[in-house]
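The values are calculated or read from the model by the stated rules, or taken from the named source; none is laboratory data. Keep in mind it's a predicted model, so treat the numbers as computed, not measured. Positions of Cβ are generated from backbone atoms using ideal geometry, with glycine treated the same way; all protein chains shown enter the neighbour counts. Accessible surface is based on the protein model in full, side chains and every heavy atom, while ligands, DNA and RNA are left aside. Shrake-Rupley method; radii C 1.70, N 1.55, O 1.52, S 1.80 Å.
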Amino acid sequence: MRVSVLVLDGVFDSGLSVVLDTFATANDLAEEARRSSRLDVTVCGLRRTATTQQGLKISLAPAGGPRPDVVVVPALGCKTRDTVLAALDRSDVTDACDLLRAWRRAGTRVTGACTATFVLALSGILDGGRATTTWWLSPVFRERFPSVTLDESRMLVESSRVVTAGAALAHVDLALWLVRQRSPALAHATARYLVFDARPSQAAYAMPDHLAHADPMVERFEQWARRHLTDFSLEAAARHVGASERTLERRLRVVLGKTPLSYVQDLRVETAVFRLRTTKDTIEEIATLVGYSDGVTLRTLLRKKTGRGIRDLRAAARAVQA
């Protein structure tokens, strides 16, 4: 399998390194086991060199060589609304979009992680399809690319032979996914060597108040909802932000892709996870604190949103503290 890693200026250093290290580890293991599942990896670009976000200059093979079977676009080192939108106006990004469209038409599988999903969307190859992206820029993605159905809770989304991955270190999830297409056994061995556990969801890492958007109504709603987790009502929330219930619901769907109740559930989960990790409160005590009448409801919600149980969430905190 010919894999091209398409590198743009300002590439996220660890994203690029994670992809290349994962592929190199898989190739070393394949050679040791005499498997015919090696990846032929080329680091290429539209310019002769690229400078990473941390200022490292790397030489690139020309992107106009033989058409790859798969192209991986690592993230750009953009962490804010303004920087990611500004990057989309760069000439090298525009040129990359032209190349990605041509490769896609010729049968290449196109993949990207984190903010690289914005580049894929800009090229138009995600139009009418589904995608994921870095969770905190999901409102910006929805605003800029309304024709793409976004599910930022997912770590990986495959849609019409285009694969997108979530935030930052989801690069390793993407790289292992590609190795798995060649050999599930090799992908499993590579993950073990890298001490990597599968993470199907980003929900456990998301922080609702860090979602990047520029909507005053949503911001007022979020601030009010945090103070009213135990007595939340849509009528009171709408009255506080100065809008009708229908307008508030519509605005949250457009900006965050969520209903008001779903967003309040996210805030309750965030608060509950924090309490589980930092206190000895029982699940029943925490449930009361965040607005539920019993711990069973909160347990179910935590499992649904994070993919983890109470014991796992507390164990993870103890492991970090150790």
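None of G77, G10 is in contact with a Phe, Trp or Tyr (Cβ under 7 Å, 6 or more places away or on another chain), under 16 Å from C114 (Cα atoms) and among the small types (G, A, S) except G77.
When R67 is tested against (1) within 26 Å of the chain's Cα centre (by Cα); (2) under 20 Å from V162 (Cβ atoms), only condition (1) is not met. Here the range 21-49 is the region considered, the condition is being small (G, A, S) and modelled with pLDDT under 95, and the residue that is most open to solvent (accessible area, probe 1.4 Å) is S36.
Selection of the range 130-147 for residues being in a loop (DSSP other than H, G, I, E, B), within 19 Å of L100 (Cα to Cα) and open to solvent by less than 10 Å² (accessible area, probe 1.4 Å) yields T132, T133.
Suppose we filter S59, S17 for residues that are open to solvent by 50 Å² or more (accessible area, probe 1.4 Å), under 24 Å from the mean Cα position of the chain (by Cα) and not aromatic (F, W, Y); which single one remains? Within the list S59, S17, the selection yields S17. Of all residues in the range 258-295, those satisfying the criterion of being open to solvent by less than 10 Å² (accessible area, probe 1.4 Å) and of a type outside the set (A, V, I, L, M) are P260, Y263, G295. Can you say whether V157 is modelled with pLDDT of 90 or more, surrounded by 16 or more Cβ atoms within 10 Å (Cβ to Cβ) and hydrophobic (A, V, I, L, M, F, W, C), as far as the supplied structure shows? Against the criterion (modelled with pLDDT of 90 or more, surrounded by 16 or more Cβ atoms within 10 Å (Cβ to Cβ) and hydrophobic (A, V, I, L, M, F, W, C)), V157 qualifies. Condition first: farther than 25 Å from G309 by Cα, within 24 Å of the chain's Cα centre (by Cα) and either of a type in the set (G, A, S) or surrounded by 16 or more Cβ atoms within 10 Å (Cβ to Cβ) (or both). Can you find one or more residues in the range 218-231 that meet it? Within the range 218-231, one or more residues are farther than 25 Å from G309 by Cα, within 24 Å of the chain's Cα centre (by Cα) and either of a type in the set (G, A, S) or surrounded by 16 or more Cβ atoms within 10 Å (Cβ to Cβ) (or both). Looking across D69, D95, one residue alone is in contact with a Lys or Arg (Cβ under 7 Å, 6 or more places away or on another chain) and either open to solvent by 10 Å² or more (accessible area, probe 1.4 Å) or farther than 18 Å from V110 by Cα (or both). It is D69. Applying the condition of being without any contact (Cβ under 8 Å) to a residue 60 or more places away in the chain and within 14 Å of A121 (Cα to Cα) to the range 72-92 and asking which residue is surrounded by the fewest Cβ atoms within 10 Å (Cβ to Cβ) yields D89.
For the range 162-192, the set of residues classified as open to solvent by 10 Å² or more (accessible area, probe 1.4 Å) and more than 21 Å from the chain's Cα centre (by Cα) consists of R182, S183, P184, A185, H188, A189, R192, listed by residue number.
Looking across the range 168-217, the residues that are part of a helix (DSSP H, G or I), over 24 Å from W135 (Cα atoms) and small (G, A, S) come down to A185, A187, A189. It is to be established whether one or more residues within the range 256-268 are among the small types (G, A, S) and within 20 Å of the chain's Cα centre (by Cα). Yes: one or more hits. The C-beta contact set for the range 253-271 (first residue of a type in the set (S, T, N, Q), second residue part of a loop (DSSP other than H, G, I, E, B), distance under 7 angstrom, 6+ apart or interchain) comprises T271/L229.
For first residues located in the range 209-227 and hydroxyl-bearing (S, T, Y), partners that are in a helix (DSSP H, G or I) and open to solvent by less than 20 Å² (accessible area, probe 1.4 Å) and lie 6+ apart or on another chain with Cβ distances below 7 Å do not occur.
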